[in-house]
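*Asks:* Please see the structure below; I have some questions.
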Amino acid sequence: MSPETQGTMMFKLVLIGDGAVGKTSVRRKYLGKGFISSHIATIGVDFAQKYVQVNGTTCRLVIWDLAGQTGFERVRKHYYQGCSALVLVYDITSRETFDNATRWLAEAYTYAGEIPPTAILGNKVDLRTSNDRSEFVQPEEGQAFMELFTKKLGIPSIFYETSAKNGENIEETFSSLTRLMINQEAKRKGKKK
Ligand code: GTP
């Protein structure tokens with residue numbers, strides 16, 4: 001989804017990742033809504049939008065938040081279609097959620113037909129400082145995963161460790177990702193000509 005209406009570019013972003021990694025919290029933080037410390041599982045799908053200015057371009061970001069729990073696959077698959085970017089979230093305190101990252105990408109590829117620009121987020125980084133443990137996923141691992149993605153598969157991607165609790169790198173994630181989407185759209189148009 002990227003038609004331009006009166007100079008505004010519209011992008012569909014899809015948040016993916018295991019249950020309880022913080023997808024809803026990342027979105028809420030970005031939209032300026034308060035952090036909720038209890039976990040209310042997203043049922044099916046939820047979405048919200050925000051207008052941003054990046055490099056002088058007005059962009060309408062429509063951010064879809066898909067349920068992480070298994071059992072929602074049938075609902076989820078429709079929402080990958082036409083997405084301009086993926087925001088793949090794992091929880092740095094849960095290695096399993098990092099190990100599952102490739103499964104999420106495989107699902108996105110299956111339903112979207114291609115992988116769009118992607119932000120890989122190691123969320124809950126605030127817990128590293130307060131309670132560091134060796135089994136936590138290290139930033140180098142997230143970075144290596146992103147580099148593999150970019151270099152081997154040629155997919156524009158970024159990596160950040162984020163905190164939906166204190167806001168660390170949340171703005172940066174969406175502004176960098178928006179730049180990638182704008183570039184991708186320009187490339188796509190160039191190819192069409
Ligand atoms: P599903 O809807 O089940 O897929 O979950 P989700 O990935 O949307 O996770 P959600 O945002 O509901 O967050 C799950 C739990 O993690 C909640 O208790 C949040 O308060 C907590 N949480 C989310 N992000 C952070 C973070 O950056 N730091 C800390 N400390 N807790 C977080």
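The values are calculated or read from the model by the stated rules, or taken from the named source; none is laboratory data. A quick note: this is a predicted structure, and the numbers were derived from the prediction, not measured. Glycine gets a Cβ as well: all are built from the backbone with ideal geometry, and neighbour counts include every protein chain shown. Accessible surface areas use protein heavy atoms only, side chains included; no ligands, DNA or RNA. Shrake-Rupley method; radii C 1.70, N 1.55, O 1.52, S 1.80 Å.
*Asks:* Residue 111 to residue 150: FRET efficiency via 1/(1 + (r/R0)^6), r the Cβ-Cβ distance, R0 30 Å, to the nearest 0.05?
*Replies:* It comes out at approximately 0.85.
*Asks:* Quick one: check the C-alpha center-to-center distance for region 122-193 versus region 89-115, whole angstrom.
*Replies:* Rounded to whole Å, the Cα centres lie 13 Å apart.
*Asks:* Please report the carbon-and-sulfur percent of the accessible area for region 9-192; probe 1.4 Å, protein heavy atoms only, DNA, RNA and ligands left out.
*Replies:* Its accessible area is 51 percent carbon and sulfur atoms.
*Asks:* For region 9-192, what is the accessible area per residue in Å², given a 1.4 Å probe and the full set of protein chains?
*Replies:* That works out to 49 Å² for each residue.
*Asks:* Could you work out Rg/(2.2 N^0.38 Å) for region 9-192, with Rg from alpha carbons only?
*Replies:* Here the answer is 0.97, to two decimals.
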